[in-house]
Every structure is written in C-alpha cells, then in structure tokens.
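The values are calculated or read from the model by the stated rules, or taken from the named source; none is laboratory data. Bear in mind the structure is a predicted one, so any value in this text is a computation, not a measurement. For neighbour counting, all protein chains shown are included, and Cβ atoms are generated from backbone atoms with ideal geometry for every residue, glycine included.
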Amino acid sequence: MTVSPNPVKSSTYLEAVKHRRTVYGVTDNVSVSDDRIIEIVNEVIQTLPSSWNMQSTRILVTLGKEHKKFWDAVIAAAKPYILEQQSQEDWKRNEDRFQSFRAAYGTISVFEDHTAIEKLHEKFSKFPLTVFEGFAEHSNAMHQITLWTALELEGLGASLQHSHFVPGVEDGIRSAFDIPSTWSVKAEIVFGALSGERPTAPGKEPVSNTVKIFK
Ligand SMILES: Cc1cc2nc3c(=O)[nH]c(=O)nc-3n(C[C@H](O)[C@H](O)[C@H](O)COP(=O)(O)O)c2cc1C
C-alpha cells in the first residue's frame, strides 16, 4: 500500500490557528467578495464534524445592508430590556458596542436546530437528550472557530459575539430573518476590514499548569 503525503503540513495548519485573533473596530470597506465569504461558509458547513454526523448546525449569513439590518434588529430588541432592567449608562455602553458591530461588513450567526438533535436522540433514546445537546454545542463551536479563522486568513478582522444573551434579542433576529423557532443561536461572528494593527496574542498560562504528559 502506498501512503499518500498529507496535502497540508500540521505546521501550516497551526500557523493558521495562531493567526486568528479577536479584532474589534472593523469597517465595512472590505475587499473580499461576497461570493468568497459564502464559499467559505458553505465549505465549512459541508466539512465540519458532528456527533454521529447529526448535522444540527445552521448558519445565517448577513452581508452589507442585511448586516446593518441585523444589528438594527439587535438594537431595537435590546434597548427596551436594558433601559427597563438596567440603566441609561448601561444602554449607552451597549449601544456604542452594538453600533461598532453595525459598522462592520458582515455577521455570521451560528445556530443549532433542535429538530436534528431530537431526531438523533430518538435513535439513541437510552441516552439523555442533554448528551446530544452537549454534542451539538461542541460541533457548533467547531464551526465557529473554523469560520472565524478562515475569515481572518482572508485578511479580515473578526470577533465572536453573544449579543443574543440580552432577552428579546434572539426573537428579534428570528423575526427579522425568518428563522425557524427550532433554531437557537449560539454565537455571532462579526467581521470586516481592519482599521488598524492586528492585536497581539494575549498571555497564556504556562503549559506546565494546563497540560499533563505521560510517556
Ligand atoms: C467561547 C468564547 C466566547 C466569547 N465571547 C465573546 C463575546 O461575547 N464578546 C467578545 O467581544 N469576545 C468574546 N470572546 C473572545 C475572547 O474574549 C477572546 O477570544 C480572548 O480574550 C482571547 O483573545 P483572542 O481571541 O485574540 O485569542 C469569546 C471567546 C470564546 C472562545
């Protein structure tokens, strides 16, 4: 049997992994085409693994004016809750943050479809549903990091957001983009053109505290 060489070196892959950063303050003046962004999303969802191949991840891509509409929906849904439950200062802080995301070019929202999770649970009902919900979260996070990294390898800046944690925001996104009620959003990846230097990597715990090796 001949062993074919791996098409990509692990060092190349790790360089890509290390390139990804949380980048804020991005703009909508991007030079990457919509087609390329959509191609990345399609390749990622067609490639990433899921528990027993359940494929419960769903993705909403909003670009250009649809991205602005996305953040207008977030702002409209978050404002009454934050003003009522928190304070004017909290709203001002949040509004500035939401407006900085709105100034970007695109948002990729990554959902899980509960229908697909329940379908797999029916097949393996001796395990609790929470097992499959957990696996769905794992697979969803794999999609998130891959999309985030791929966008930055295109020269864009991106950050991972969870604006749907504000009550009412998830429903606002659902109604603005006709999202089925069985889809629940896990994260929003906001991306656009860099407006300055890329940030440097944050410090990490020494591996002696975080890795155990026996050999
Ligand atoms: C699971 C997870 C959730 C995160 N949630 C947010 C978030 O809601 N908003 C945000 O601005 N950054 C968020 N981040 C970004 C982290 O703060 C950031 O990844 C971390 O500080 C390390 O910086 P780096 O991304 O440049 O490596 C999140 C990151 C992870 C992995």
Query raised in the report: Which numbered condition trips up residue 82, out of (1) within 26 Å of residue 174 (Cβ to Cβ); (2) outside any helix (DSSP H, G or I)?
Result: (2)
Report task. Check the range 63-73 and report whether any residue there is under 21 Å from residue 147 (Cβ atoms) and part of a loop (DSSP other than H, G, I, E, B). Result -> yes
Query raised in the report: Would you say residue 120 is closer than 18 Å to residue 17 by Cβ and at pLDDT 95 or above?
Result: no
**Report entry** Test: residue 27 is modelled with pLDDT of 95 or more, within 16 Å of the ligand (Cβ to nearest atom), touching a strand residue (DSSP E or B) at 6+ places or on another chain (Cβ under 9 Å) and of a type outside the set (D, E, K, R)
**Finding:** no
Query - Single residue of 154, 197 found to be farther than 30 Å from residue 80 by Cβ and free of Cβ contacts under 8 Å to residues at least 60 places away in the same chain - result: 197
Report task. Might you let me know whether the range 74-94 holds any residue that is within 22 Å of residue 144 (Cα to Cα) and within 20 Å of the chain's Cα centre (by Cα)? Result -> yes
Query raised in the report: Among the listed residues 106, 157, which satisfies the condition of being within 13 Å of the ligand (Cβ to nearest atom), surrounded by 13 or more Cβ atoms within 10 Å (Cβ to Cβ), of a type in the set (Gly, Ala, Ser) and under 30 Å from residue 12 (Cα atoms)?
Result: 157
Query - Failed item, numbered, when residue 125 is tested on (1) more than 16 Å from the ligand (Cβ to nearest atom); (2) in a helix (DSSP H, G or I) - result: (2)
Query - Among the candidates 170, 137, 112, residue that is surrounded by 19 or more Cβ atoms within 10 Å (Cβ to Cβ), within 15 Å of the ligand (Cβ to nearest atom) and either without any contact (Cβ under 8 Å) to a residue 12 or more places away in the chain or within 22 Å of residue 53 (Cβ to Cβ) (or both) - result: 112
Query raised in the report: Is it true that residue 192 is surrounded by 20 or more Cβ atoms within 10 Å (Cβ to Cβ), in contact with an Asp or Glu (Cβ under 6 Å, 6 or more places away or on another chain) and closer than 19 Å to residue 36 by Cα?
Result: yes
**Report entry** Residue among 172, 192 that is under 22 Å from residue 80 (Cα atoms), of a type outside the set (Ser, Thr, Tyr) and within 21 Å of the chain's Cα centre (by Cα)
**Finding:** 172
Query raised in the report: Looking only at the range 173-210, which residues are away from the ligand (no atom under 14 Å from the Cβ), hydrophobic (A, V, I, L, M, F, W, C) and not in a helix (DSSP H, G or I)?
Result: 179, 183, 193
Requested in this report: Identify, from the list 141, 158, the residue that is under 12 Å from the mean Cα position of the chain (by Cα) and outside any helix (DSSP H, G or I).
Outcome: 158
